[in-house]
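Values in this text are rule-based calculations from the coordinates and carry no lab data. Remember, predicted model here, so these are calculated numbers, not experimental data. Positions of Cβ are backbone-derived with ideal geometry, glycine not excepted, and every protein chain shown enters the neighbour counts.
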Amino acid sequence: MIRCAVYPGTFDPITFGHVDVVRRGLVLVDKIVIAVADNPAKGPMFDVATRVKMIQETFIDESRIDVIPFSGLLVDLAHKQQAAAILRGLRAASDFDYEFQLATMNRRLDASIETVFVMAREDYTFVSSRFIREISSMGGDVTSLVPLPVLPYLKHQHTLK
Ligand code: ADP
């Protein structure tokens, strides 16, 4: 039986922190479905199709990863994908409250799906999509913080301004 986990998030854009979470997840399960939240209310920098594309290009050589856009209930998606777990990443104590609430709520909705947390490498604990967007929009260099395929998309956003 193939063990699958769903890794949901906004990924606006994907960072090396996210990539590290995925790599650690792949040690635990056979397949990871990266579910990109289509949540226009959050006012993302990149639309969902672009966020999906950036992730697909990042993992182009990885057959154990699927990338899909998603809206609706996470537990419904997890069921549809026959996932045993929801994968999330933890950076610091500041992530904990929100992640705890989310995991508890999802467990309330469906007790059969376990949320599993992994910690990214220490050098990525400070990396967040928000900082990437801010630094990049001010012309800063984020080369060491995001996968290569993300750079042209960020550059394009910057030149649009
Ligand atoms: P969301 O809007 O769902 O929080 P994000 O794309 O910001 O979406 O994050 C998705 C998941 O990845 C969350 O569990 C978040 O804590 C985790 N994550 C993001 N960046 C890092 C990082 N640098 N190290 C570890 N986990 C991270």
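Odds and ends about this structure:
- Taking 1, 138, 45 and counting other C-beta atoms within 10 Å, the order from fewest to most: 1, 138, 45
- Fewest-first sequence of 150, 116, 142 by Cβ atoms within 10 Å of each Cβ: 116, 142, 150
- Sequence of 126, 16 once ranked by neighbouring C-beta atoms within 10 Å, starting from the fewest: 126, 16
- Net charge of neighbours whose Cβ lies under 10 Å from the Cβ of residue 29, counting Lys and Arg as +1 and Asp and Glu as -1: +2
- Pairs of Lys residues in the chain that lie 8 or more places apart, or on two chains, and have C-alpha atoms under 30 angstrom apart add up to 10.
- Summing +1 for each Lys or Arg and -1 for each Asp or Glu among the other residues whose beta-carbon sits under 11 angstrom from that of residue 52 gives -2.
- Within the listed set 78, 120, 111, the Gaussian network model of the chain (springs between alpha-carbon atoms below 10 Å) gives the highest mean-square fluctuation for 111.
- Inter-label distance for residue 138 and residue 157, nm, one decimal - labels placed 7 Å from Cα along Cα-to-Cβ: 1.5
- Label zone at residue 95 (point 7 Å along Cα-to-Cβ), backbone N below 17 Å, the range 129-154: 129-133, 145-147
- Size of the range 4-160: Rg and Dmax of its alpha carbons, in Å, are 15.1, 47.
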